[in-house]
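Trainee: Would you mind keeping the following structure in view while I ask a few things?
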Amino acid sequence: MKTEDGLERIKAIGIAAWTWVGVIILLSMLLFVLYSINTVLMPFLYALVFVYILRPVVNYLDDKGLPRVFALILSYLGIILILTLFGMYIGPILYKESNGLINKIPEYVTTTNGYITDLVKQHPFLKGDQTAEFLTGLANSFKSFLQKAALSVPEMTASLFGGMINFVLAPIIAFYILKDLDVIRTTVREMIPEKHRVEGMQIVKKIDQIVGGFLKGQALVALTVAILSGIALYALGVDYAILLGFIIGVFNIIPYLGPIVGGAPAVIIALGTSWQLALIVVVVLLTVQQIDSILISPRIMSSQVNLHPAVVIFALLAGGTLLGFVGMLIAIPIAAVGKALYLHFRERSNGSGPEEPDVQELESAAKV
């Protein structure tokens, strides 16, 4: 009996080991394919964003009896209206503030160096050679960072938007995906072997819920934090408040380090006025982060779509290392897919195997 148990245990370990080998091989092949075609991924990534943003609106209008093509046209007109208003009112402000901030970087560097020099003069114990060397090196590193950041803005912008081709292709791809969503769903279902069809559709459902929920949730959290931060900085009289709020919102997507990196420019700019204002800005931004952690994120991000911060950081670093900027864009969705697969197989291993889902339930879930 003990021999049989030992053989079964060895067999289970062997199966698990070869399963992991297979997973690693598949991931390596996937990464190689993604690396090979990373230049053509951008329009499809933007199309995916369009799909997740517009799908609830299109499905709502479709359910109300409006033909799907007309629902799509109305949704696109709404997006065009929003982008037009943004371009008319917010775009010029961001452009003006970006140019002003880049031009004033030397002034902020000089101000920061002045604070460090005054700090050393006022506190004799900081006048040692090692301390002075450390502070000088810190100031030089800060200056180099700001200069590189300013010079990389055009390159990052070009990488992000990828030229006009993405603005043309992404909405077109998204239009056809949204128009033929039922056909695509049926095609995916038919591609799965019949004996695995129920489980396969449950996996697809979980992936859709987690990826869509995470992307929409993070975008909403970032927008909320950006608005709160921008309003707070504007009320305090900090220069470039709208641009700084936008930066804080974008970096808020990155856990732990994101809020620090995003809030650092606001603190540095406030130093140009006074150290008291800089201290107030630190307190205000910490308050905004606490509001986000306690009230905003828990209400928007449910436990089913939330990814652990350590996973997000690892995914961003790995994606950036392997595929550059494109890798960082696709890293979090891939991590979300990984979580969906993990949740599914964990539930199955706990004995709650796949049951035949109700067709109406699957269709309604796909329209979320």
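Trainee: Taking a 1.4 Å probe, which of Met42, Met29, Met328 shows the most accessible area, and what order do the others take after it?
Mentor: Values: Met42 15, Met29 110, Met328 80 Å².
Final ranking, largest accessible area leading: Met29, Met328, Met42.
Trainee: Now for a different question. Go through the range 196-202 residue by residue and turn each phi into a ³J(HN,Hα) via Karplus (6.51, -1.76, 1.60, θ = phi - 60°); whole Hz please, and just put x for glycine and proline.
Mentor: 10, 5, 5, 5, x, 5, 5
Trainee: Now a separate question. Would you tell me the accessible area of Val267, worked out with a 1.4 angstrom probe on the heavy atoms of the protein chains, in Å² to the nearest 10?
Mentor: Val267 has an accessible surface of roughly 40 Å² with all protein chains in place.
Trainee: Defining a contact as two alpha carbons under 8 Å apart and six or more residues distant in sequence, what relative contact order in percent does the range 190-290 show? Intermediate values should be presented prior to the final figure.
Mentor: On the way: 89 pairs, mean separation 20.4, N = 101.
Computed over the range 190-290, the figure is 20 percent.
Trainee: What list of ³J(HN,Hα) values in whole Hz, one per residue of the range 235-247 in order, does the Karplus curve 6.51 cos²θ - 1.76 cosθ + 1.60 (θ = phi - 60°) give from phi, with Gly and Pro shown as x?
Mentor: After applying 6.51 cos²θ - 1.76 cosθ + 1.60, I find 5, 7, x, 6, 5, 6, 4, 5, 4, 5, x, 4, 4 Hz.
Trainee: For Ile254, enumerate residues with amide H under 5 Å from its amide H, sequence gap 5+ or separate chain, H modeled in the peptide plane.
Mentor: Long-range HN contacts for Ile254: none found.
Trainee: Working with all protein chains in place, sort His308, His344, His196 by solvent-accessible area computed with a 1.4 Å probe, largest first.
Mentor: On the way: His308 110, His344 5, His196 90 Å².
Sorted descending by solvent-accessible area, the residues read His308, His196, His344.
Trainee: Separate question: In sequence order, what are the phi-derived ³J(HN,Hα) couplings for the range 77-93 according to the Karplus relation 6.51 cos²θ - 1.76 cosθ + 1.60 with θ = phi - 60°, rounded to whole Hz, with x for glycine and proline?
Mentor: Those phi angles translate into 4, x, 5, 4, 5, 5, 5, 5, 5, 4, x, 7, 10, 9, x, x, 5 Hz.
Trainee: Same structure again: How much accessible area does Tyr240 have with a 1.4 Å probe, in Å² rounded to the nearest 10?
Mentor: Approximately 40 Å² of Tyr240 is accessible to the 1.4 Å probe.
Trainee: Taking all protein chains together and a probe of 1.4 Å, list Ser297, Ser229, Ser28 from the most accessible to the least accessible. It would help to have the intermediate numbers written out before the result.
Mentor: Working: Ser297 30, Ser229 0, Ser28 65 Å².
In descending accessible area the options line up as Ser28, Ser297, Ser229.
Trainee: Any of Lys11/Lys206; Lys206/Lys339; Lys179/Lys339 with alpha carbons more than 20 Å apart? Name them for me.
Mentor: On the way: Lys11/Lys206 30 Å; Lys206/Lys339 9 Å; Lys179/Lys339 28 Å.
Check vs 20 Å cut-off fails for Lys11/Lys206; Lys179/Lys339.
The values are calculated or read from the model by the stated rules, or taken from the named source; none is laboratory data. Remember, predicted model here, so these are calculated numbers, not experimental data. All accessible areas refer to the heavy atoms of the entire protein, side chains included, with ligands and DNA or RNA removed. Shrake-Rupley method; radii C 1.70, N 1.55, O 1.52, S 1.80 Å.
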